[in-house]
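Worksheet: the structure to be examined is printed underneath.
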Amino acid sequence: MVLWLQFTATDAKRQIEKLDLADFTGDRAERFLAHLEKDRGNGIATRNARLAALHTFARYLSTRYPERLGEFQGILGIPFKRGAREAPVEYLESKDIEALLGRIDRRTTAGQRDYALFAVMCNTGARVQEVLGLRVSDLRLDAPEQVRLLGKGNKIRLCPLWPKTAKILRDLIESQDHGDRDRAGAFVFKNRMGGPLSRFGVRYLLRKYLPDYLSPARRRRIHPHSLRHTTAIHLLKSDVDFATISQLLGHSGLQTTMRYARADLDLKRQALAQVFPDALGAPKAGGMALHGTELTRWLRRL
C-alpha cells in the first residue's frame, strides 16, 4: 500500500494526503504494475502479490462505497500473470554452518549474542521475527529444554532445544545486564541500545559471518530465512517425516513443507536409488550377458 500511494501521488501530481477515491482506477493500477516490473525490477510472483493486495483493497472499498462499484471493477478485472517461476530454495550445507559459527568471536559480548542467535535459528528453524521476539520467559533451559515461539496468526508452538543450545542461551542471559527491569520480560537478543534486534540487523550479521569461500552471487542470495530452509533440508536428510517437520516449523499445511523435497538434489538421488537400486548403483564387475533371458530380466527390474 505504501508503494501504491507513493506511485499514485506521483502519477496524479498531488500530495498523498490530497488523494481521493477517484484516483483509485484500473488504468492507474495497470500503470503501477508496469512500474513495478520495469522500474523496480520485480518478477511475476512479486507483481502478482502486489495485485492481490490491490484486489483486496478494491473489494473492501466496494463494500464501503457501493456507488463506485463500477470503477473498482476495473481493478478487480486485472488478471494475474502466468509464468511465475518458483524461486530456488537457498540453504547452507553442514560445512557452511560450521564455518559461519566458527568465524564468530565468542569472547566478546556481541559475538556471544551472535553465536546464540544463529544457534537458535539453526536449532529451531524459526522465522527470524519469531526469534527476535523471544523473551527470557519464553525459554525453558532445564530439561526438557524448549522454546516457546509466537508464529503467524498469533499461533504458539513449542520447539525442543539441544542441551548445547540451552547452555549457550543460559550463558548469554547471565552475561546480560538487565538492571532493575523485569528479567523474565527482557528480550533475549538485543542491540547496542538495549532494544530488540531488527531483521535488517540479522541480515547484516549473517552477511558478515558468511564463509569467504562462497561466491559473491551466492552470498547475495543467502538471507536470514535461508537458515530456516537449512534446518528443514537437514531434517529431511535425517529421515524426519513431513508431518513432524511441518509442526516444528509452524507451517499451515504439508504443502508448504513439500517444497523442500523438491529442493535438494541428494534427496532426489536417494529416492531414485531406492526405486532403481540395481540400475543406479555401482556397476558390478564383468560384462552383462545380452542374450534374451538376461536382457528381459534386466528390463523387468526397471
Neighbour cut-off at most 14 other Cβ (10 Å), DSSP loop, chymotrypsin sites (Phe, Trp or Tyr not before Pro), the stretch 46-113 = 80
remark   = Karplus-derived 3J(HN,Hα) from phi for the stretch 55-66 (6.51 cos²θ - 1.76 cosθ + 1.60, θ = phi - 60°), whole Hz, x at Gly and Pro, runs 4, 4, 5, 5, 5, 5, 5, 5, 6, 8, 10, x
task = Fewest Cβ neighbours within 10 Å first, please rank 226, 215, 252 accordingly.
result = 215, 252, 226
ask   = Ordered by residue, what ³J(HN,Hα) values in Hz, to whole numbers, does the stretch 39-44 give under the Karplus form 6.51 cos²θ - 1.76 cosθ + 1.60, where θ = phi - 60° and Gly and Pro are x?
value = 8, 9, x, 6, x, 5
query = How high is the relative contact order of the stretch 94-258, in percent, counting Cα pairs under 8 Å that sit 6 or more residues apart?
reply = 27 percent
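Let me check against my output: what whole-number percent is the relative contact order of the stretch 134-197, with C-alpha pairs under 8 Å and at least 6 apart? Present the calculation step by step, with values, prior to reporting the outcome.
On the way: 67 pairs, mean separation 21.6, N = 64.
Across the stretch 134-197, relative contact order equals 34 percent.
Just to confirm the filter: which chymotrypsin sites (Phe, Trp or Tyr not before Pro) across the stretch 146-216 are DSSP coil and have at most 12 other Cβ within 10 angstrom of their Cβ?
Numbers: sites: 187, 189, 200, 204, 209, 213; in loops: 189, 213.
Passing both the DSSP loop test and the Cβ count: 213.
The numbers here are math on the coordinates, done by the rules we state, and not lab data. Just so we're clear, the structure is a prediction, and the values are computed from it rather than from any experiment. Because the Cβ atoms are built from the backbone with ideal geometry, glycine has one as well, and the counts that use them run over all protein chains shown.
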